[in-house]
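Working notes for the structure below.
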Amino acid sequence: MPTHTMRAVRLHEHGGPEVLRYDEVPIPEPGPGEVLVRVHAVGVNPPDWYLRGGLTQMPGSDSTVSLPVIPGTDVSGVVEAVAADVDGLAVGDEVFGLLRFPSFDGSAYAEYVVAPASDLARKPAGIDHVHAAGAPMAGLTAWQFLIELGHDHPSPFQEARHRPTALDADTTVLVNGAAGGVGHFALQLAKWKGAQVIAVASGVHESFLRELGADRFIDYTKSRPEDLVHDVDLVLDTVGGPDSSRFLRTLKRGGSQFPVFPGDFDEEETAKLGVTVSSAQVRSNGAQLAELGRLLEAGTVRVAIDSTFALADARAAHERAAGGHIQGKIVLTVA
């Protein structure tokens with residue numbers, strides 16, 4: 001350990017990107033079941049700006065954060081120290097993970113972070129830390145919605161347990177917001193399972209999404225998907241908002257819509273259409289991340305990087321996120 005302090009981005013107040021401050025703070029020490037990770041890259045995710053904007057407790061979490069706080073949940077780095085009770089990880093191992101989610105206790109915007117060993121997986125050797133840091137939250141969200149939920153925690157958004165739809169060559173999936181973090185993973189995972197995928201995004205992303213395997217592309221700035229598409233088995237909507245229910249009309253009877261951001265759906269309408277709406281909340285899961293890591297290592301799934309910023313430039317990264325039309329993931333790099 002070179003020194004006892006590190007640089008980290010902290011919030012001392014809530015507000016716009018300008019409230020992100022680059023501070024010097026103590027290096028944390030791992031407790032039972034934890035490892036200390038020297039951070040190489042950090043993924044930027046929506047909960048980071050929810051916290052910045054004033055949310056202090058995530059739905060589904062018992063933890064409330066107080067200021068000052070280090071935001072961030074997605075990391076890729078190298079194990080620096082290991083608690084005595086941790087098996088399977090050693091100093092020098094390259095790891096990546098979604099830390100302590102759903103809570104705001106990840107503290108990833110820093111040169112070092114303490115992480116539960118169970119939240120981590122070995123970083124695929126074939127990808128760098130920047131791409132690995134872009135994978136955890138977005139990749140696990142797509143995985144838990146589409147492939148396997150992987151936990152028994154009740155959802156804060158619905159009483160019924162979320163159940164993914166079986167995907168195969170006879171399944172058609174529409175992904176709304178397909179160019180974004182969750183969307184581009186969902187497209188690739190659905191293709192991995194053999195499904196036909198319709199990608200909805202703005203026209204600038206068409207070639208990118210076709211490269212990822214989209215069978216059909218719809219530019220939402222020119223056409224309304226619900227006017228063009230019918231008899232779809234599954235809609236994964238990564239955009240949400242008040243218009244989300246319009247995608248119900250694209251589904252066949254027995255089909256499902258999975259809103260990543262839970263919205264308002266009329267139970268009478270869904271019953272009349274014979275469709276279901278189901279949501280989930282992503283949770284940290286090192287074992288699932290290891291499975292995703294094998295797909296990343298094989299090149300079956302890849303992480304698209306929209307842009308990178310130095311840790312000290314977290315404000316610019318948040319400003320980029322606010323600009324929208326993101327292709328893949330925004331990542332902070334740590335020298």
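The residues of segment 102-131 that are under 26 Å from A298 (Cβ atoms) and touching an Asp or Glu at 6+ places or on another chain (Cβ under 8 Å), listed by number, are A115, A117, R122, K123, P124, A125, G126, I127, H129.
For the structure I just gave you, tell me whether A121 is modelled with pLDDT of 95 or more, buried (at least 20 other Cβ atoms within 10 Å of the Cβ) and under 15 Å from the mean Cα position of the chain (by Cα). Break it down stepwise before answering.
Values: modelled with pLDDT of 95 or more: yes; buried (at least 20 other Cβ atoms within 10 Å of the Cβ): yes; under 15 Å from the mean Cα position of the chain (by Cα): no.
No; evaluated as a whole, the condition is false for this residue.
Say we look at segment 55-102 and pick out the residues that are β-branched (V, I, T) and in contact with a Gly (Cβ under 7 Å, 6 or more places away or on another chain); which of these is farthest from G15 (Cα to Cα)? The qualifying residue farthest from G15 (Cα to Cα) is V86. Look at (1) in the same structural domain as S223 (by TED's automatic domain parsing); (2) within 23 Å of P124 (Cβ to Cβ); (3) out of contact with any His (no Cβ under 8 Å at 6 or more places or on another chain); (4) in a loop (DSSP other than H, G, I, E, B) and you find that G150 fails only one, number (1).
Taken together, L36, L20 contain a single residue that is modelled with pLDDT of 95 or more, under 16 Å from R315 (Cβ atoms) and surrounded by 13 or more Cβ atoms within 10 Å (Cβ to Cβ), which is L20.
Kindly indicate the residue of segment 41-61 that is in a loop (DSSP other than H, G, I, E, B) and not small (G, A, S) and also surrounded by the most Cβ atoms within 10 Å (Cβ to Cβ) among those meeting that condition. Step through it out loud before you land on a result.
Initial filter on segment 41-61 (in a loop (DSSP other than H, G, I, E, B)): 45, 54-61.
Right, trim to not small (G, A, S) and you get 45, 55-59.
Details: N45: 27, L55: 14, T56: 14, Q57: 14, M58: 20, P59: 11.
Filtering first and then ranking leaves N45.
Of the listed requirements (1) assigned to a helix (DSSP H, G or I); (2) surrounded by fewer than 24 Cβ atoms within 10 Å (Cβ to Cβ), D168 misses just one: (1).
Applying the condition of being in contact (Cβ under 8 Å) with a residue 24 or more places away in the chain, over 14 Å from the mean Cα position of the chain (by Cα) and not in a strand (DSSP E or B) to segment 303-317 and asking which residue is farthest from V239 (Cα to Cα) yields A312.
Among the listed residues R253, R320, which satisfies the condition of being among the basic types (K, R), in contact with a Ser or Thr (Cβ under 7 Å, 6 or more places away or on another chain), free of Cβ contacts under 8 Å to residues at least 24 places away in the same chain and outside any loop (DSSP other than H, G, I, E, B)?
On the way: R253 fails: in contact with a Ser or Thr (Cβ under 7 Å, 6 or more places away or on another chain).
Within the list R253, R320, the selection yields R320.
The values are calculated or read from the model by the stated rules, or taken from the named source; none is laboratory data. Computed from a prediction, not measured in an experiment: that's the story for all the values here. Here the Cβ is made from the backbone with ideal geometry for all residues, glycine too, and neighbour counts use every protein chain on show.
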